[in-house]
Each structure stands twice: as C-alpha cells, then as structure tokens.
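This report refers to the structure that appears directly beneath it.
The values are calculated or read from the model by the stated rules, or taken from the named source; none is laboratory data. A quick note: this is a predicted structure, and the numbers were derived from the prediction, not measured. When we count neighbours, we look across all protein chains shown, and the Cβ atoms used for this are built from the backbone with ideal geometry, even at glycine. Side chains included, ligands, DNA and RNA excluded: accessible areas come from the protein's heavy atoms. Shrake-Rupley method; radii C 1.70, N 1.55, O 1.52, S 1.80 Å.
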Amino acid sequence: MADRVIETSGLDKRFGRVQALDGLDLVVEQGAVHGFLGPNGAGKSTTIRVLLGMLRASGGEARVLGMDPWRDAVAIHRRAAYVPGDVTLWPGLTGGEAIDTITRLRGHRAPASDRARLIEAFDLDPRRRSKTYSKGNRQKIALIAAFASEADLYILDEPTSGLDPLMESVFQAEIRRVADRGATVLLSSHILSEVERLCSTVSIIRDGRIVEAGTLEQLRHLHHTVVAYRGPAPEGLPLADVSVDGEHVRASVAAEHMPEVLRWLGDRGAQAVTLTPPSLEELFLRHYGDEARVDSARAERAKGQRHADETGLADGPDADGSEAADAPAVAPSSADVDDVHGRHAR
Amino acid sequence: MTGTGLLLVAALRRDRLHVVLWVLAVAGMWSAVLGGLGAAFDEESRRGLVALLAAQPGLMLLRGAPAGTGLGAVMFVSTFAYLAVMVAFMMTFFAVRHSRGDEDAGRAELVRGTAVGRWAPLVSTLLAGAIELAVVCGVTLAASLALGLDALGSALMAAALAGVGVVAMLVGLLAGQVFPTSRAANGAASIVVGLWFFVRGIGDALGEPSADLTRVESAWPIWLSPIGWGAQAHPFADEPWEPDGTPLLLFVPAVLLLGALVVALEARRELGRSLLAERRGRGAGTALLGWHPGGAPLGLTGRLQRAASLAWLVVGAGIGAIAGRLAPVISEALAENPALGRIVETLGAEGGGDTEGLFLTALAGVIGVVASAAGMQAVLRLRHEEQAHGELVLATTVRRTGWLGSHLLLGALASLAVLAAFTIVTGASLAAGGEERWEQLWRIALTHLPLVAVYLAVGAALVAFLPSTVAWLGWVLLIGLLLVGDFAPLLGEAWEWLENLSPFHWLANPLADDPDWTGSWWLLAIAAALLAAAAARFRARDALV
C-alpha cells in the first residue's frame, strides 16, 4: 500500500453548538490527485483548515505528511503549498511582491524557479497594487505563489472559481505537472468536469462526514447506469427511475443487475439501446438532493409546527417524487444505496 | 437620488449601536463631570480651579481657556475640547465607514448595482450623519438642561458640537475620496482632528489672562480651528463677558466650502477610485519584505505598519515642536505677570515651582498617550491581518507566537520612536534657545514607558482573547482610562477608586526629586503577565480565518 499523505479518522470539529465536522475519515494516498467534493457548507474548508493547523480538531485523529497538523504545523507548511478559496491580498503590496513574500515565508528562495514562467502563462501583471486586482487575478497570485516553488503536497480550496476557461487550462496543466513529479494534490472543487479530468480519487463530504470515497471508476461502478431503448415496457426487472413514453423507455440499472437487464433486452429484441455510464455530476447531484431533503427536514424541525405544512408542500413532489412514484419495489431507496456504497468505499 | 430613503434607513440601522455608544461617551461624560463638579466644588474652589488653569498654559493647552468661574463656565472649559474631539472622531469614522469603507468591502458595488441613483449613497450618508449627530448633540443638550444649566448656553454648546461634527463629517468624506484605503483615510482624518485640538490648544496656551485670573483671552491661532470657534462662543461666560454665538457663524462658510469640494470630487470620481491613485510598483518583493527570523514575519509586518508608524512619529515630533517653542514663551509671560507668578508659587509644593517643567510634563502626558496608541495600534492590526490574510500567512512557516511577536516588537519600536522624537525635538528646540533640559526630558519619557508596555499588552490580550470586539475596545480602554485619570479628581473623593483603575494614575512623577517607581514596576509586572497569557492563548486558539 502506498504511503498516506493525508489521513484522518473520526475527525470532529465543533464551533459552539454547530458540528462542522462529524467523524470525518479522509485518506489521500501519496501521489494522488484527490478531488474533494461537497455542497456549500458541508465542511470542505473546515477540513482543510484543520489539516493546515489553523483550526484545532475537537476530536479524532489527523496526520498530514506523517505529522500532527496542530503541533507540527510549521514543519508541514515547509512541505505544503496552499491556495485559499477566498484570496485577500495586502492592498499596499504589488502582485509580484505578494508572490515573493509568500514564497519566502514558506521558507523558499525568491524569486522561485518557476515564477517567471507562471507569470507568463497566467498572463499576470505583477507590478499592479493588489487592491486593483480582480478576483481571478488575486487567485492567480495565490496559484503562482503555490506552484512557483516545489512542494510535496498541494492543498487547493476551490482554486479556479474566478478563472476564465483559458486560465483554467493553464491551471490543469500545472496540476498535471506537479502530479507527474510525484506530488500529492488535494483539490476541493465545485467544477465536476475539472475533477473528472484531473482527479484519480475522489471523496464526497456531506454534513461534515465523508459519504463516498474511492477512485472514480469504483464510484461509477457503484452507481446506476442509464439505459435507454426502443421496445416493450420492462416487466419484473430490477430497474429504477423508469419512464415509458410509447416505445421509448428509459431507466437506471444498478451495476450488479446489468447482466440480467442486458439478457432481457437481447431476448426481447430491444432496439437503439444506449448505455450511459454515470457521470460525476449524477453522483454528486444524488448528494445534493439528499442535502436538500435533510435541510428541509431540519428547517421543519427548527420552525416547528407553524410552517410544517408549507415546507412539506415545497419540497414534496419535486425533490424525490420521481423515485417515490416510479421506483419498483426491487430497487432500494437512494438513501440505502448511499449508505451501502459509502461503507464499500471505505 | 432614487433609493436615498432605503439607504438612509439601512445606514441608520447599521449604526444604531455606534450611536448608543457615542451618546454614552459624549453625553455621559458631560453629565458625569457636571454632576461631580456641581457636588464637589463650591464657588470658591471653582475660583481656585480657574486661577490654577489660567496660570498654567500647559493645562490650558489640554483643556481650554476659562471664561468665568460659574459652574457652566468651569464645566465647559474642562470638557468642551474633549467632547468636540470625540464628536469629530465619531463623524470622521462615520464618514469613512460609509464611503471608502463600503467601497473597500465591495458593499458599495453591490448597492450601486441596484436601483439607486448616482447621488443616493452620498446623500443618504450625509443625512444619516446629520441624524446621528443630532441625536448625540440633542441628548447632550437635554442633559445640560436637566442638570440645571442655562438654556442659551446649553444650546450654544450643542450647536458648537454639531458644527464641529458636520465639518468633521465632510473632512472624513474628503479623506475617503482622496485616499485609496479606509485605513489611510481614517488616519488622515484623525490627524486633521488632532490638529484642530492642538491648534486650539496653542491659541489658549498663548492667551492673555485677566488680572483676577478668572478668564483668559485666547490668542489668534484659536481662529484656525473649528474646535476653537466653538470654544470662542463662550456659552457659559460670566460677567463681564457674555455668551456670543457669532463665532459659530464661521461654520457656515466652512461647511459650504467643504461640501462643495466633496460634491465636486464625487461628480468626477468613479466607484472605487481615489484622488491619490495607486501607482504601479515593483514587480518583485525584496528580501527584506520576506524576512521572517524564527517564524516572525518582521519584514511583512514592518511594511504594513510603515505608514502608520511614520504618521505617529510625525505627531510625536510635532507635539515636541509645540512644546519646545511654547515653553520659553510661557515662562516669559509668567515673569511679566506678578499675579500669575504668585499662583504658581503657591502651587510650588506639587511641581517644585517649575512652570516650564509642569508644562512639559503636561504635554508629555499627551505624548504618553500618543506613544501608547502607536504601539497598541500596531498590535491590534494583527486582528485585521489574521482575519484578512490569516489563511495565506498561517499556511507558511510563520509561527503564531512569531506573528504576535512581530507586531509587538514593531509596536514597541513605534512607541519608543514617538517618545524619542518628542524628547529630541523638544530638547533641541530648547537647547537652541540656550536652555538645557535634556535630563528632565529623558526622565519624562522614561516615566511613560510602563504605560506603553501596558497598552502593548492590552492590545495583545485583546487580539488573543477577544478577537471579535478588539477593534474598538482597545481604544475605549486607552481614551476612556485617560479621561478617567483626568476627570476623576473633578468628581470628588468618592470616585477615587475610579481614578485608581487608570494606569495613568500610577505613573511616576518625573518632576519629583526622588520619583516613586513602585507603581511603574507594578504596571510592568501586569503588562508582562498579560503578555504571557496572550501569547499562550494566541497559540492555542483557532485561527480566525
């Protein structure tokens, strides 16, 4: 087994009464580009700040590069580079000064070896005062500072949210470059295509807990493939989300039922069969959907009886109506699927 | 102007706590001193107090020139300058917060993207400022009426405070238009307010006392300061003088001029732009900027504090220049006025009869506050740095204690530089006139070191323990305890405990032949304990990112 660059077990973080992290188990192997996905407020940034020793865990264990992130923060920082999600620079410093200062504070020599190349690639004017930079330009400065000198671990918190598509491709090239060198990357992101393109492994966090983890292939296997064909309506098959429009049928199939479904389709002479493997987006939306349900349930409890009716109306049919209405008895409810898969993945 | 009403309501809502605090500070101080003075001082002791003031230019520089011995007159001379400075700060901070501050934070952009007219933000800010100012001045007026002061005088004083406030608000708006950051704008506006206070002080200190030492005719510099215009209305003057609102008319052209300037600039200015534009700078950072020995980012902190420390240094040198020029003038005036001379001799027991020494010590008290403020400001800056840039800085090899240490060290250096600048400028200026007071001056500076240490430690403790309230609490502790030290004696013996709370009370007397240093050592010990606790806490708590 490869070395684990990041490993947490049962990590807890409470802010007053809010449980931000709730038994988080995150593992990132040496050399992996690890996608860290989750809806807003799920605890991504909190996790990262605990890993960097800015916040102190309320419970559980965390190791980064084999060290304790709270006690050995400075030793970890010597080998890690970090790009925060919301970069605020010193208004009086120029971009170039900010880059060199961060480089030196990280314990490297400035100008860093790749600084000039990156400034060129990211098309940055380093002589402007930081106050006059746009969000994207501020992000570029943090990215250049992170990538200009070598690190063993790169932690990036939604680093491309302000970049244009051209710059995003520069960013992706940099990730590949450091990954080829053998560095480890933890990439928190909302941009699923980016994660699909860059990441070898993925963890999905929800409510301060990892609900899915593994390689992209593993995760895809665990999820339903969408099957569409022209032919007779399905009978007695373990399908979910079935929709029948005349001859056109669409449904989703769990991986383990695929042989059975394919045999049936062959037997019945189904035509124009397409099988679409699950995208990360579908995988992710599944959790967003759950999140929405969890949220509304919480809101309901919090508001008490007074608004119970309204909330019930608001999220009832739309959020989970399709499954509730269409799913045959054989298909497990999506919450069960998640649970099972979560355990598998871990 | 579309949307002015909505913005006005939003501004007032946002400021409600500020208004309450300022009302408590301004009206509260006025009523507390009024109640205390009324109870503790009869006509005769007030006469003594006024004579003392008239005989001591140093005291007049800090307080004002007396215009009679009635309760209102004594009240006015002992508090008006401070009340006016408070109101002025309230309004400059208000103006910067609602103009440059909003632009810095991006709120202005958000607001201007909605259906509000081009002039709505400025107009609503002016209106909100006027309303908040009216509340503070109105409550002050009500307090003086309720405590039985003359109606005309009370109204004149409230009008004077309002005039200072409006001028200060416009100065704050101008500063916001001229300077690119709210920090710089606040600094510049504060320097203007400080100048108002000192220019008025110079006018009063150089004033001509009457033969019976019940009133002092201020010298011409007083007309250069809006606070001076208010003071010259003499709202509670006794016979033969009369309250006279004419000087307050000076506020009208001042407001019109400044207002026109603000409007003209605003009409030309684009969102987020400033008159002093940000120039392009170096494309690379120097090694000094990234210097961080032992995990203390001294280079970065030094760069961030450079402008503020220089400003404090200039303030220190400026006060030194005032002291050096005024001290000889004042002893000459004293030699020519036998009545003054007698008063000073009767005071002799306290200060050794050394008027010039007393004058220098009074000014050095101000320098002690400025030096403490310079140090504490540098330490309190860490809170902003932590919130704004903590994620960048704390992901490097910077150690938390090193970070705190870099702010403490540079704060201490700024404080020492302020004290040194005052001492050197004053001493050199006196020496040029053939007078050597170096030893006394250095001793005056030395007695203020414990104060500086206490406020450095207070700043560190606030950053470590109360990071969310720290911005204003530190200044309340500095200015509040200064005022307590200054005013508690006026409140009578029952309030001695309050005076004892103030660190200013425990400083050694530099004019004494054998100063008592016990209090100074205690202050240093308290500072050390606070610092140790702060360092431990700052290391152990979650970063505020």
Residues satisfying the stated conditions in the stretch B:288-317, i.e. in a loop (DSSP other than H, G, I, E, B) and either out of contact with any helix residue (DSSP H, G or I) (no Cβ under 7 Å at 6 or more places or on another chain) or more than 8 Å from chain A (Cβ to nearest Cβ) (or both): B:LEU288, B:ALA296
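Listed here are the residues, each with its yes/no results for (1) part of a helix (DSSP H, G or I); (2) at pLDDT below 95.
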residue: B:ILE202; (1), (2): yes, yes
residue: B:VAL216; (1), (2): no, yes
residue: B:TRP229; (1), (2): yes, no
residue: B:PRO235; (1), (2): no, yes
residue: B:GLU239; (1), (2): no, yes
residue: B:GLU242; (1), (2): no, yes
Members of the stretch A:119-137 that are open to solvent by 60 Å² or more (accessible area, probe 1.4 Å), in contact with a helix residue (DSSP H, G or I) (Cβ under 9 Å, 6 or more places away or on another chain) and either among the aromatic types (Phe, Trp, Tyr) or more than 10 Å from chain B (Cβ to nearest Cβ) (or both): A:ASP123
Unmet criterion (only one of (1) in contact with an Asp or Glu (Cβ under 8 Å, 6 or more places away or on another chain); (2) surrounded by fewer than 17 Cβ atoms within 10 Å (Cβ to Cβ)) for A:ALA62: (2)
Positions within the stretch B:378-399 being part of a helix (DSSP H, G or I), surrounded by 24 or more Cβ atoms within 10 Å (Cβ to Cβ) and not hydrophobic (A, V, I, L, M, F, W, C), in sequence order: B:GLU391
Test set (1) in contact (Cβ under 8 Å) with a residue 12 or more places away in the chain; (2) small (Gly, Ala, Ser); (3) surrounded by fewer than 17 Cβ atoms within 10 Å (Cβ to Cβ) - A:ALA116 fails condition number: (1)
Test: B:GLU435 is in contact with a Pro (Cβ under 8 Å, 6 or more places away or on another chain), within 14 Å of chain A (Cβ to nearest Cβ) and of a type in the set (D, E, K, R): no
Unique residue being over 24 Å from B:ALA364 (Cβ atoms), in a helix (DSSP H, G or I) and among the aromatic types (Phe, Trp, Tyr) when the list is B:PHE538, B:PHE504: B:PHE538
Which numbered condition A:ASP100 misses (of (1) open to solvent by less than 20 Å² (accessible area, probe 1.4 Å); (2) touching a Gly at 6+ places or on another chain (Cβ under 8 Å); (3) in a loop (DSSP other than H, G, I, E, B)): (3)
Qualifying residue in the stretch B:254-270 (condition: open to solvent by 20 Å² or more (accessible area, probe 1.4 Å) and either within 14 Å of another protein chain (Cβ to nearest Cβ) or in contact with a Cys (Cβ under 6 Å, 6 or more places away or on another chain) (or both)): yes
Options B:TRP517, B:TRP506, B:TRP497; residue that is aromatic (Phe, Trp, Tyr) and surrounded by fewer than 14 Cβ atoms within 10 Å (Cβ to Cβ): B:TRP497
Close pairs (6 angstrom Cβ cut-off, 6 or more residues apart or separate chains): in a helix (DSSP H, G or I) in the stretch B:481-501, open to solvent by 70 Å² or more (accessible area, probe 1.4 Å) and modelled with pLDDT under 75 anywhere: B:ALA488/B:TRP495
Evaluation of A:ALA183 against (1) under 30 Å from A:ILE144 (Cα atoms); (2) modelled with pLDDT under 85; (3) touching a Gly at 6+ places or on another chain (Cβ under 9 Å) (one fails), failing number: (2)
